[in-house]
Amino acid sequence: MTLRLHNTLTRTKEDFVPQDPTNVRMYVCGPTVYDFAHIGNARPAIVFDVLFRLLRHIYGEAHVTYVRNITDIDDKINARAAERAKDRNVPVLDMLREITAETYRVYQEDVAALGNLPATLTPKATESIPGMIAMTKALIDGGHAYAAEGHVLFDVSSKRDYGKLAKRSVDDMIAGARVDVAPYKKNPMDFVLWKPSSDDQPGWDSPWGRGRPGWHLECSAMIEESFSPGETIDIHGGGIDLMFPHHENEIAQSECAHHGAPLARYWMHNGFLNVEGEKMSKSLGNFVTIHELLADWPGDVLRFNMLRSHYRQPMDWTIAGMRESWNTLERWYARTEPLANWRVGETFLEAVSDDLNTPQAIAELHQAGDEELAGGLRLLGFNPAPERLASKKIVDTVEIERAIEARNTARKAKDFKESDRIRDELLAQGIVLKDGPSGTTWEVKR
Ligand code: AMP
Ligand code: ZN
């Protein structure tokens, strides 16, 4: 069976042939740690975890390296820390450390609850500063970057094929993009490798003064450090929003610092996720975090729901979809537990190997016998242990509504012994009732 992957570099589906089948190398841009991850951020985490598992299945567990970084230097983090430090009257740099450490801790918990394996390596930007400074120096020495007013900028005119991933010429980019025009830039598309920091911003000493790296440089340096300088990786992934400028700029930096050695051979991008038909945004109030969903839904249900869409397609995340996902998993887990005998079916594997066609793979599972169902679920990262669903299985909404009605009847008849019994019985199942002016509502106890 041949694994085929859609490569953004060529815009086509290609056979995946690793440089070295005993050492398959993948890098995925990880979270910027300043706020809870939303369900859109869960998409690359789950999609590339499925790819990681598939690669391990094909090449062996010991032969795949998956690196997912942690962006803990970013101006959004600085802004959040400054705001909170002011509220609480504490030093901004202490606040910053607290925010990034705590956000990352929650992120790890969230992605683990979604059934994702830990990545092989999780480099942090703050721990790769010397590599970033060294790469910046190399780019200046090679004539690809210049220092100006405490900044160091990458000179896009120094790279002949700049724009090869986005498939746009520099002129088109200038015409189409909102570019920061700054007096120290030679070309409006030149981007920051290094910038100066004020005293209350995180900063490191460098030949260009105290400052901090640009976001794109962070990834190039972390890739270099996780693998080795000039080593071409097999797969580089992230959400489609990262293709330009982030990934284009990673390519520019890494290739120019490494005498043209390609950064990655296959570029993969997941499509965007909307919520109930709308773009997720804080202002629309439909910004759903993984953390709050996990309060009401088993992680496996969220994972399954995600995989029902093809990763490159835009996806609409809905409650109705999650309910369907839960029902399917419940039926399947009842059939496949305990997971004593399993094997991966041929047509299932063909589907996942066809550019991670998980909707087709799931359709195959609907037709499969118990052993192949168990094997397919396993490969997609599910462990059909009933308690994975049972922890929140109490949310049988019809049953709860019925119990609330029975309790209301008992209360009307002043049978408080019975109404208390019903309330306590629900509580024992983890359902808390709340009596309010417009009736009784319920929620799942955390
Ligand atoms: P960030 O923490 O914003 O850098 O994003 C982490 C990852 O989540 C990146 O790969 C983004 O492309 C991806 N991402 C962000 N929002 C969405 C979304 N709504 N749908 C799918 N992927 C997303
Ligand atoms: Zn990146």
(Q) Place a point 7 Å from Cα of L284 in the direction of its Cβ. Which residues in the stretch 296-320 have their backbone N less than 13 Å from it? (A) 315-318
Q. Which stretch or stretches of the stretch 223-256 have amide N atoms under 12 Å from the point lying 7 Å from K164's Cα along the Cα→Cβ direction?
A. 251-256
**Q.** Cα long-axis angle, helix 248-257 against the chain (0 to 90 degrees, to the nearest 10)
**A.** 40
(Q) Need one number: convex hull volume per residue for the chain, Cα atoms only, in Å³. (A) 168
Q: For the chain, with a Gaussian network of springs between Cα atoms less than 10 Å apart, report the residue from R323, R402, R11 with the top mean-square fluctuation.
A: R402
Q: Pull up all non-local amide H partners of N7: gap of 5 or more, or a different chain, and H-to-H distance under 5 Å with H placed in the peptide plane.
A: T12, K13, E14
Q.
If the only charges are +1 at each Lys and Arg Cβ and -1 at each Asp and Glu Cβ, what is the size of the charge dipole of the chain around the Cα centre, to the nearest 20 debye?
A. 600
Q | Vicinal HN-Hα couplings computed from phi for the stretch 88-98 (Karplus, 6.51 cos²θ - 1.76 cosθ + 1.60; Hz; Gly/Pro x) | A | 9, 6, 10, x, 4, 6, 5, 4, 4, 5, 5
Q: Please calculate the 1.4 Å probe accessible area of S283, with all protein chains present, and give it to the nearest 10 Å².
A: 110
Q) Check D190: other-chain or 5+ apart residues with amide H under 5 Å from its amide H, H built from backbone geometry? A) V156
Q. Going out from 0 in 10 Å bins, what whole percent of all Cα-Cα distances in the stretch 88-130 drops into each bin?
A. 22, 42, 28, 8
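For every other residue with a beta carbon closer than 13 angstrom to the beta carbon of G381, add +1 if it is Lys or Arg and -1 if Asp or Glu, then tell me the sum.
+3
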Q.
If Rh is defined by the Kirkwood formula over all Cα pairs and Rg also comes from Cα, what ratio Rg/Rh do you get for the stretch 18-273?
A. 0.96
Q | Computed [θ] at 222 nm, helices only, for the chain once each DSSP H run of length n ≥ 4 contributes -39500 (n - 2.57) | A | -13500 deg cm²/dmol
Q. Tell me, Kirkwood radius of the stretch 132-194 from alpha-carbon pair distances, in Å?
A. 12.2
Q. Please report, for the Cα atoms of the stretch 395-446, the Rg to one decimal and the Dmax as a whole number; what are they, in angstrom?
A. 10.4, 32
Q. Accessible area of T122, 1.4 Å probe, to the nearest 10 Å²?
A. 60
(Q) From the phi angles alone, apply the Karplus equation (6.51, -1.76, 1.60; θ = phi - 60°) to the stretch 206-223 and give each ³J(HN,Hα) in whole Hz, x where the residue is Gly or Pro. (A) 8, x, 10, x, 5, x, 9, x, x, 4, 4, 4, 4, 5, 4, 6, 5, 5
Q | Computed lengthening from V444 to T347, 0.36 nm per intervening residue step minus Cα-Cα distance | A | 31.0 nm
Q | Solvent-accessible area per residue, Å², over the stretch 193-327 with all protein chains present [probe radius 1.4 Å] | A | 37
Q: Calculate what fraction, in whole %, of the accessible area of the stretch 395-446 sits on carbon and sulfur atoms when a 1.4 Å probe is rolled over the protein chains.
A: 51
Q. Residue separation times 0.36 nm, minus the C-alpha to C-alpha distance between H291 and V17: what's the value?
A. 94.9 nm
Q: Work from the charge dipole of the stretch 18-273 (Cβ charges, +1 for Lys and Arg, -1 for Asp and Glu, about the Cα centre) and give the residue of F154, I58, A119 farthest towards its positive end.
A: I58
Q.
I need the phi-derived Karplus couplings for the stretch 225-241: 6.51 cos²θ - 1.76 cosθ + 1.60, θ = phi - 60°, integer Hz, Gly and Pro marked x.
A. 6, 6, 10, 9, x, x, 6, 7, 8, 7, 10, 10, x, x, x, 4, 5
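The values are calculated or read from the model by the stated rules, or taken from the named source; none is laboratory data. In this text the structure is predicted, and so the values were computed from the model without any measurement. Every residue, glycine among them, receives a Cβ derived from its backbone with ideal geometry; neighbour counts consider all protein chains shown. Just the protein is used for accessible areas: all its heavy atoms, side chains included, with ligands, DNA and RNA removed. Shrake-Rupley method; radii C 1.70, N 1.55, O 1.52, S 1.80 Å.
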